[in-house]
Number of protein chains: 4
Amino acid sequence: MIYFDSDYMTGAHPLVIKRLNETNSLHTVGYGRDEFTAEARRMILDACGIDDGEVYFLEGGTQTNAVVIDRLLDHNDGVIATDTAHINVHEAGAIEATGHKVLALPNHDGKLRACDIRDYIADFYRDDTHHYMVRPAMVYISYPTELGTIYSRDELEAISSVCREADVPLYIDGARLAYGLAAEGADLSLKDIASLCDVFYIGGTKCGALFGEAVVTRRPELLPRFVSLIKLRGATLAKGRLLGVQFSTLFTDDLYCSIGRHAVALAMKLKSGFVKKGYRLYMDSPTNQQFFVMPNDKIDELREVASFELWGPKGDVETPVRFVTDWATTERDIDELIAAL
Amino acid sequence: MIYFDSDYMTGAHPLVIKRLNETNSLHTVGYGRDEFTAEARRMILDACGIDDGEVYFLEGGTQTNAVVIDRLLDHNDGVIATDTAHINVHEAGAIEATGHKVLALPNHDGKLRACDIRDYIADFYRDDTHHYMVRPAMVYISYPTELGTIYSRDELEAISSVCREADVPLYIDGARLAYGLAAEGADLSLKDIASLCDVFYIGGTKCGALFGEAVVTRRPELLPRFVSLIKLRGATLAKGRLLGVQFSTLFTDDLYCSIGRHAVALAMKLKSGFVKKGYRLYMDSPTNQQFFVMPNDKIDELREVASFELWGPKGDVETPVRFVTDWATTERDIDELIAAL
Amino acid sequence: MIYFDSDYMTGAHPLVIKRLNETNSLHTVGYGRDEFTAEARRMILDACGIDDGEVYFLEGGTQTNAVVIDRLLDHNDGVIATDTAHINVHEAGAIEATGHKVLALPNHDGKLRACDIRDYIADFYRDDTHHYMVRPAMVYISYPTELGTIYSRDELEAISSVCREADVPLYIDGARLAYGLAAEGADLSLKDIASLCDVFYIGGTKCGALFGEAVVTRRPELLPRFVSLIKLRGATLAKGRLLGVQFSTLFTDDLYCSIGRHAVALAMKLKSGFVKKGYRLYMDSPTNQQFFVMPNDKIDELREVASFELWGPKGDVETPVRFVTDWATTERDIDELIAAL
Amino acid sequence: MIYFDSDYMTGAHPLVIKRLNETNSLHTVGYGRDEFTAEARRMILDACGIDDGEVYFLEGGTQTNAVVIDRLLDHNDGVIATDTAHINVHEAGAIEATGHKVLALPNHDGKLRACDIRDYIADFYRDDTHHYMVRPAMVYISYPTELGTIYSRDELEAISSVCREADVPLYIDGARLAYGLAAEGADLSLKDIASLCDVFYIGGTKCGALFGEAVVTRRPELLPRFVSLIKLRGATLAKGRLLGVQFSTLFTDDLYCSIGRHAVALAMKLKSGFVKKGYRLYMDSPTNQQFFVMPNDKIDELREVASFELWGPKGDVETPVRFVTDWATTERDIDELIAAL
């Protein structure tokens, strides 16, 4: 069986697990006040080109989104996102559970448009009734998106500009950031991301770590007393150094980006193989998630040798499907998959 | 100046305020355990044709919706409603503040469709990923709707049936129930409403009371320990008998319905006057809210003699407007308004 | 039967209900943007000696406490109060329901001590573990207290001073403020209260109104976007002018204070009568709540002619009891009660 | 330097980290639906002597307490615990953040007494005012307690009995369960714990795992839709098998208990060494946490060679201190420490 279900099906990248082994018996203080965590923080800020910023390490993506968004919003505030946003669909209502509404706007290939954000905010402030409505007080986008697509530099600059004018923070969910940075045609670097948004997180769980996400901000004043809120939400890891060890490894010798490049290269090979075999793209993704439309009988047949996800309800004759690569995917996996098409 | 802004611009119906005066100096126990409240409860259950139900009195609509919905939902649960629903737009995020998502479906003349509810629920349970999504666990409709329209008996029966099959409670927001029951062409009685939904509230604030809403259910087991939750949400009136006095008056000699009939009759006269003068209906409403499209210069002119609300953002040349009647509106008010068109 | 159960057993003071009648048929805009509310705001600020402050009107005490405290606190923050505080015992967990811990300190005759507050805060900041604890971020006291006692000027100044040094807001629950201001031996005026705390509320429900409380602050920046939060918590009255009408009446010709004086004078007469008959004080209260210890058989006997509350669990032979006076209590009520002892 | 600060200062027990290595490159489905997790679940239920129970794996203790308690409680409900309980002091208000009050009772050597629970509940239901109070709806104890002490079988049976009579669930926080089971004089087995409470968790983080806690219940109906609530609170691990791998290792060949025995044996040796040197016990603990009273100058001196925590504010001449052992502590560590006293 070859596996393309998702990018969280194995443990950690070999270099990450190796480093966890090497440091296992060392004693450190708890709760992320150790030297490994301090080192990871420095490496990340450096890679992001941030001088006076802050980095916080959390355990998983849903948790990170809920804690960051709750911190950025005041009572009555909502977060603008696409209707397809992870926070709007697949987090079990975690944002609402902190008391905040997700203000869902239509997606365009999984993306928000700057003009839609601008119009929504302008319409909100049109008259006095807004005091009794949910205030659009931040913007959430994912990079890459839930549909594998990426924002161009122009698109992100436009969104960033709208947010600054409206004085609402822009937050980027980077659960799969490694694959976005390495995407075919991407014109945004990590430093670009860091400077165009206010807060973002560098995904570890789906990009080579056992688990863990690194929240980064160049505006620490936006996250006051954040250490306490992380604890309140049960998101503080007692052995915090586990996150420091992992992220310092991921940011040594460019490992994080090379994981991205590896997975994207194989994803491109996979897409090319599907296209050559005549499959229709469901979404044209330049990242490690690939979406096709596949006849139902072919789906059943292919599942004998490969595992992958249906993307939405099963159609009458054909259904969208998703194939995901990661650091553990090999050339041979792709070859076998293409051969089986 | 003649007033058509809304149905909460005066105090209480003369008979209600009269009764508040008469009972003002009497001593009763607090928190709704008095005899006036008990009497109002009996009268309402009787009018609803409910034998073993329960009635709870709260202070206002947003409060009532938030407390009822929070009680009906479990963690992770959301409430299906139209995108135009009061709870989705005009309650400042009160539902989300209790931790729950409003699952907004497209409205059709302000109404939910039974088929859309059925499809949404079916799609939700399609596969196992629903464990990580917001469960559609109740349905909210308003009668009449925020756009003044009403459900027909067939429509409400269909929705009721879908809800029973899916085992999700149906809750009706009756903020303007008096006007819905008296609506032109309405084929639903109070008893019908009571039997087709699981919980609903009879609006007092907009229908002749100083303030107050009566939550009614024929299934008290759906609202366990509700008295405590009402207190927790700060919705318990110390002098609870004020609500009992008002509602027992509204349900004496059919006052509640006669208030509805009065306002609807005048609203129909108003609509007819507008139509004769050539105004286009923005929404064809059979209740006390009337919506027209009006040229902007006419709006400015008319505002010299009458107050009313714009319904949405001002257009380039014309704008939707709303006129509302209530128990205090007179034939003469309507005549003056029509004359000024 | 003569009634001493509580101060919310009748309607409104005759002058208040009279004014509600007089204004009943007038049209005003809703949600407290009317002229009555504006007038009440001006009168209250003037009575409080506040130039640039703000006043907000809410419906009841539990609601007011929950909304104010939620606004004053950040995530992870708690409110210091006595173990006997209304918010700690009798509000069904309303504070916790907004996510905040009540940090209960021992009471001394129902009161907090400045030194206890200072010590608690100092101990909290002792070491770094406080990041994982609930931050004491405001102080709640009631005036008069739940046990009818009052703070002296010296005591309140000391608390106020501790709060300013620690930079935590001081909030006073004035549910029975009229009776505190009129208390025997009180050396604090309304202006003193207003200047020594940061936010407080003037109780209407228990002091002559049908319902309603007025939140006052000389530091409006402590309550940002408070109108929206009030709506979010379902505490916005559609016919907001009802609160404006009531409070402007209460602050006309010193009515609010004269209600206090009337009730306190009768309470003193009541206390004197009990003491003469040999009853032991359970708490020596200078306000409208009076507490005695009464033999159980006497309780049963007295209940034939008067209603009053047991204060705590019934003892083996005697039990604390409470008698409350208000604007509706008469000299004759007291005479009859004393005669029946 | 020798380390006695806490039991979370190293990585995982060598056998646990070994197994994580061995399984690192395997592909499994995510979110705990893998075979490792299923195996760990079976092993734990077997060790607990539970036939039809359920096991859920979470990431950390604060998170676990907040999610379990939120699930067990209804609106208005509170949890009875000692004033020293971890949930009352050191979780940053995580319980209150889910809307629930911690009902703190005085501790006796860190423990709750059955009679205090019984009295509190009885007093609550004394009269009707309880509808406006926080209902005591579950009991939380920790085993061992935050002060290192343990409940005897008699004590736990008494508490269990009170809870059953009152129909409130008993929940045990087993963050350090391994050390409680191995405690000197302990007369409770894992099976006893499992049968005397309704829900408990087996701590991994402090007992040999990298991280992770296993919630166990013999009454799965108490935790309906718990998988969804875990996700909602951001407590779902994408690579859920990491928890399965760790716990199946901890429950292979009695590793969990042998970790406990190792640490307790060394703690007893440590205590004995301190006592021989004339130090006073601050608390007589039979588990891996040891508390002494130490002169301040000795504290400063000892900190040159060993790290440990002050237990509370520094006194004028002496201060309580805590020393903790775990799987990584060696005989030599103890010898060196004693020598340095």
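Shape of segment A:52-169 from the C-alpha gyration tensor: rounded (a/c under 1.5, with a ≥ b ≥ c the square roots of its eigenvalues).
Position D:Lys18: other-copy label points at 2.2, 9.1, 9.2 nm, ordered by increasing distance, label point 7 Å along Cα→C-beta. Inter-part distance, segment B:160-200 to segment D:205-226, computed on C-alpha centroids, equals 43 Å.
Rounded to 0.05, the FRET efficiency of the B:Lys276 and C:Glu35 pair, given R0 = 45 Å and the Cβ-Cβ distance, is 0.80.
For C:His130, B:His108, what's the largest-to-smallest order of accessible area, 1.4 Å probe? Mind showing how you got there, number by number?
Details: C:His130 35, B:His108 70 Å².
If we order C:His130, B:His108 from most to least accessible, we get B:His108, C:His130.
Computed with a 1.4 Å probe on the full set of protein chains, the accessible area for C:Arg135 sits at about 60 Å². Peptide packing for C:306-312, C:83-89, D:67-73, C:57-63 was compared via the average number of neighbouring C-beta atoms within 10 Å per residue; ordered from the highest value, the list is C:57-63, D:67-73, C:83-89, C:306-312.
Does segment A:266-308 come out rounded, prolate or oblate by the C-alpha gyration tensor, with a ≥ b ≥ c the root eigenvalues, rounded set by a/c under 1.5 and, if not, prolate when a/b is larger than b/c and oblate if not? The partial results should precede the final answer.
On the way: a/c = 1.87, a/b = 1.53, b/c = 1.22.
Judged from the Cα gyration tensor, segment A:266-308 comes out prolate (a/c at least 1.5, a/b above b/c).
Measuring from each Cβ of chain A to the axis carrying A onto B, the nearest residue and its distance in whole Å come out as A:Glu96, 2. How large is the helix-only mean residue ellipticity at 222 nm for the protein assembly as shown, computed as the sum of -39500 (n - 2.57) over DSSP H runs with n ≥ 4, divided by its residue count, in deg cm²/dmol to the nearest 500? One gets -11500 deg cm²/dmol as the mean residue ellipticity at 222 nm.
In summary, the helical segments of chain C meeting the span-like criteria, namely a full DSSP H run, a Cα extent along the axis of 15 angstrom or more and a mean Kyte-Doolittle hydropathy of at least -1.0, are C:35-48, C:61-72, C:114-124, C:153-166, C:255-276.
For A:Arg219, the point set 7 Å out from Cα toward Cβ sits 2.6, 4.7, 4.9 nm from its twins in the other copies, listed from shortest up. Solvent-accessible surface of protein heavy atoms, probed at 1.4 angstrom with all chains present, puts B:Met9, C:Met43 in the order C:Met43, B:Met9, largest first.
Can you send over the carbon and sulfur percentage of the accessible area for the protein assembly as shown, probe radius 1.4 Å, protein chains only? Mind showing how you got there, number by number?
Numbers: 22990 of 46540 Å².
Ligands and nucleic acids excluded, carbon and sulfur reach 49 percent.
A convex hull fitted around the alpha carbon atoms of the protein assembly as shown yields 183 Å³ per residue.
Accessible surface of A:Val227, taken over heavy atoms with a 1.4 Å probe and every protein chain present, rounds to 60 Å².
I'd like the FRET efficiency for A:Lys298 and A:Ser161, computed as 1/(1 + (r/R0)^6) with the beta carbon distance as r and R0 of 51 Å, rounded to 0.05.
Working: r = 45 Å, r/R0 = 0.88.
Between A:Lys298 and A:Ser161 the formula returns 0.70.
With a 1.4 Å probe on protein heavy atoms only, work out how much accessible surface A and D bury together, total over both chains, in Å² to the nearest 100.
Values: alone 15100 and 15110 Å², together 26520 Å².
It comes to approximately 3700 Å² buried between A and D.
In plain terms, the bigger the Kirkwood radius, the slower the diffusion; for segment D:121-264, with that radius from Cα pairs, at 10 °C and 1.306 mPa s, Stokes-Einstein puts D at 95 µm²/s.
Counting only the Cα atoms, segment C:270-338 fills a convex hull of 87 Å³ per residue. I need to check one value: relative contact order of chain A, counting alpha carbon pairs closer than 8 Å and at least 6 residues apart, in percent. This gives 25 percent for chain A.
Within the straight-line cut-off of under 16 Å between alpha carbons, the lysines reachable from C:Lys231 are A:Lys101, C:Lys239, sequence neighbours fewer than 8 places apart in one chain being disregarded.
Can you figure out the FRET efficiency of A:Thr330 with A:Asp51, using R₀ = 60 Å and their beta-carbon distance, to the nearest 0.05? Please report the intermediate quantities before stating the final value.
Working: r = 40 Å, r/R0 = 0.67.
Working from the Cβ atoms, E equals 0.90.
A 1.4 Å probe, protein heavy atoms only, puts the accessible area of A:Ile17 near 20 Å². For C:Val305, inter-copy separations between label points set 7 Å beyond Cα along the Cβ vector come to 6.7, 8.3, 10.1 nm, shortest first. Which pairs break 32 Å Cα to Cα here: B:Lys277/C:Lys18; A:Lys314/B:Lys191; D:Lys111/D:Lys269; C:Lys206/C:Lys269? With Cα atoms farther than 32 Å apart: B:Lys277/C:Lys18; A:Lys314/B:Lys191.
Taking all protein chains into account, the per residue accessible area for the protein assembly as shown stands at 34 Å² (1.4 Å probe).
Classify chain B from the C-alpha gyration tensor, please: rounded if a/c falls under 1.5, else prolate or oblate depending on whether a/b exceeds b/c. Judged from the Cα gyration tensor, chain B comes out oblate (a/c at least 1.5, b/c at or above a/b).
Counting only other chain Cβ atoms within 10 Å of each residue's Cβ, the peptide C:251-262 averages 0.
If you rank B:Thr129, C:Thr329 by how much accessible surface each has, with a 1.4 Å probe, what is the order from largest down? The partial results should precede the final answer.
Numbers: B:Thr129 65, C:Thr329 5 Å².
Order by accessible area, largest first: B:Thr129, C:Thr329.
The values are calculated or read from the model by the stated rules, or taken from the named source; none is laboratory data. From a predicted model like this one, the values you see are computed outputs, not experimental measurements. FYI the Cβ positions are ideal-geometry reconstructions off the backbone, even for glycines, and counts take in every protein chain you see. Keep in mind that these areas ignore ligands, DNA and RNA; they rest on the heavy atoms of the full protein, side chains included. Shrake-Rupley method; radii C 1.70, N 1.55, O 1.52, S 1.80 Å.
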